[in-house]
Amino acid sequence: MKVSSILAGCFLLVGTNCFAQQESILSEKNKGNKLPVNHLRFNNDTNLVQFAILSDRTGGMLPGIFEDAVKKANQLQPQFVMSVGDLINGYSTDSVLIDTQWKEFNQLLEPLTVPFFYVSGNHDISNSWMQQEWIRRYGQSHYYFVYRNTLFLCLNSQDNGSYGMSESQITYFRTVLQEHQKVRWTFVFMHQPMWTSNKSGFEKIEQALERRNFTIFAGHTHNYLLSKRNNHKYYILATSGGGSERRGEQFGEFDHITWVTLQDNKEPIVAHIKLDGIIDENIVTEAIAKKIRPLKSGSWMQPIAYRHSTGNSTEITPTVQFNNPNQTPLSISGRLPNSAHFKSIPEHIDTILAPGASINYAFKIEHATKRGFQLMDLPPIEIELQASQELEGKTYSLPAKKRLLIDWPYSIGKNEMIRLDHPEQVFEDWDWSGTQDLDLRFTVGEDENYLDLKYFIKDDNFIFQAGDYQDQLLVYLEDKNQEKLLLTIHPDPKQTNKYRLTTLDGRQLKKKLQISSTLKEGELTVTVRLPKKDFLKADGSFRLNVGYMDQDDPTSTEAATLFWKPKWDSKENYPGSGTWVK
């Protein structure tokens, strides 16, 4: 791959149009090709290379943040602006929706008077169709350019809609690096931090980067992190509007613009400009990231699922596990759960956990008037406590809130109505807004030979269509030999015969089951009859869990999925949950 030379101080754009204000020289063989950039009016007011980077806009987007970042980046007047992907919501094959999202994004760039270089993320290229749409709109999904003897590589970490780089992309950048060995510095941009995986193909690019000066920028995790590999800096940027708890720069959660300055024979200077300030690059290093992880994740506190012997009681005695993996004391304080119906004894906790210590803390929850209560009638009990710790001369303090999961044996013969008003596990929870969105109830009954499972479902928008991206009822079962099974049902009355019964590792079972579904006045009733001889254990018990995938958008590849008890193949699963007895 030979490249035409270009005048000093101008961009060199290969495989794309080549412009540099009035000094541009167009290569005849490159005319007509597209480069993913909104325009080429470069800022050449200084002899420095000085550019800004905007990070993730989408993935739990907070409206208004990216717009503010664009405005303030323009006020700073860099020579140009880079990105690290997740520019639109994506995850669709609806051409009208994607067109609307790209038009909306491009309008956000209108205040920007300097070039903006698009880099693709998993939201921008969520599938192979979206990659072709990107190419149609912007040209190459991976590309490079040279500016003032500095090489810029823009990688596609979601090649053809799947994580990683294709062989053709790897070959492309190997050739680029081979032909540009005399540049003074190389900057690499990607969305997903592919150096964290050995199967992305990026390890081959790292090999080609050896023996040269380079710096790497990525996004995706929505948490800032600076790493050093073989004396090179690898940055994972925080957000420019993407989803984050925004607990501050000390925890790597903040909205920002990254400002990069390159001078002759010097390492780049990198600063992170909050929309209301400037942040030092060492605010979260790998060393401190490991230490603050328990505070950020709340893993220092873990309520242990509580199983009572019956469904009613005057008191329960749950346990919370506290963990301190660091080498400084951890202070824990706060009020234990309390309401008009129950109170905790003691009411408060104020303790210090020694370095490296782990303890189980037991307390009591009793009825406010010491009368018995039905556990089924208890509202969700949440434990919210504060943890503080001194780490490397700074105080880090965050609350953690965890739900106390309570379980007991359920009666097969009572036909109790179980409601999923407060599911114990929800995936893609931002897509579920409560029972007005999806309301699921179920009962378990029996006759002489069968267990009768009845599911009553109300949804603000039932989606029934071909394929897996539609509403699905998920029933976890344990047979009499304690083998765990998953029954997947399309609740559409026209599709209930298309159910799948598999083991948890995906092995298909050819077992005929009696399944029916009716839709009346906006409510689905799904009935599943299970032979007792196959599912009742010798002691007359069986185990059950229920989930529902609520597909509200027919074009989306993501949907909220609710589970009565934690999925049996998840780490949140606890022994014996959802056990039914005679």
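Here are the numbers:
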item	result
Conditions (1) surrounded by fewer than 20 Cβ atoms within 10 Å (Cβ to Cβ); (2) modelled with pLDDT of 95 or more; (3) in contact with a Cys (Cβ under 9 Å, 6 or more places away or on another chain): number failed by V119	(1)
Residues of the range 486-513 classified as in contact with a Ser or Thr (Cβ under 7 Å, 6 or more places away or on another chain) and open to solvent by 40 Å² or more (accessible area, probe 1.4 Å), total	5
W580 part of a loop (DSSP other than H, G, I, E, B), over 20 Å from the mean Cα position of the chain (by Cα) and in contact (Cβ under 8 Å) with a residue 12 or more places away in the chain	no
Elements of type strands (runs of 3 or more DSSP E) in the range 298-339, at least 3 residues being more than 18 Å from L385 (Cα to Cα)	none
Residues being closer than 21 Å to W580 by Cβ and either in a loop (DSSP other than H, G, I, E, B) or open to solvent by 50 Å² or more (accessible area, probe 1.4 Å) (or both) - total across the range 517-543	8
Output for the range 296-339, where each listed residue is open to solvent by 40 Å² or more (accessible area, probe 1.4 Å) and within 25 Å of R371 (Cβ to Cβ)	R307, S309, T310, N312, T314, E315, T317, R335, N338, S339
Scan of the range 206-227 for residues that are of a type in the set (A, V, I, L, M) and not in a helix (DSSP H, G or I), ordered by number	I216, A218, L225, L226
Meets criteria (among the acidic types (D, E), open to solvent by 60 Å² or more (accessible area, probe 1.4 Å) and over 27 Å from Q436 (Cα atoms)) for E483	yes
Of all residues making up the range 535-562, the number that are more than 13 Å from Q470 (Cβ to Cβ) and of a type outside the set (D, E)	14
Identity of the residue in the range 348-366, closer than 30 Å to S411 by Cβ and crowded, with 16+ Cβ neighbours inside 10 Å, that ends up modelled with the lowest pLDDT	E366
Scan of the range 168-191 for residues that are open to solvent by 10 Å² or more (accessible area, probe 1.4 Å) and not acidic (D, E), ordered by number	S168, T171, Y172, R174, T175, Q178, H180, Q181, K182, V183, R184, W185
Members of the range 230-260 found to be modelled with pLDDT under 95, surrounded by fewer than 17 Cβ atoms within 10 Å (Cβ to Cβ) and not in a loop (DSSP other than H, G, I, E, B), listed by number	G248
Residues satisfying the stated conditions in the range 272-290, i.e. open to solvent by less than 70 Å² (accessible area, probe 1.4 Å) and either under 26 Å from the mean Cα position of the chain (by Cα) or farther than 30 Å from K72 by Cα (or both)	H272, I273, K274, L275, I279, E281, I283, V284, T285, A287, I288, A289
Qualifying position, being open to solvent by 80 Å² or more (accessible area, probe 1.4 Å), at negative phi and part of a loop (DSSP other than H, G, I, E, B), among K414, K401	K414
All positions within the range 74-112 that are crowded, with 22+ Cβ neighbours inside 10 Å and assigned to a helix (DSSP H, G or I)	I98
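A quick yes/no check of all residues on (1) surrounded by 18 or more Cβ atoms within 10 Å (Cβ to Cβ); (2) assigned to a loop (DSSP other than H, G, I, E, B):
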{"site": "V426", "(1), (2)": "no, no"}
{"site": "F442", "(1), (2)": "yes, no"}
{"site": "D452", "(1), (2)": "no, no"}
{"site": "I463", "(1), (2)": "yes, yes"}
{"site": "G467", "(1), (2)": "no, yes"}
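The values are calculated or read from the model by the stated rules, or taken from the named source; none is laboratory data. As the structure is a computational prediction, the values presented were derived from the model and not from experiment. Neighbour counts run over all protein chains shown; Cβ positions are idealised from the backbone, glycine included. Protein only, heavy atoms only, side chains kept; ligands, DNA and RNA dropped before computing areas. Shrake-Rupley method; radii C 1.70, N 1.55, O 1.52, S 1.80 Å.
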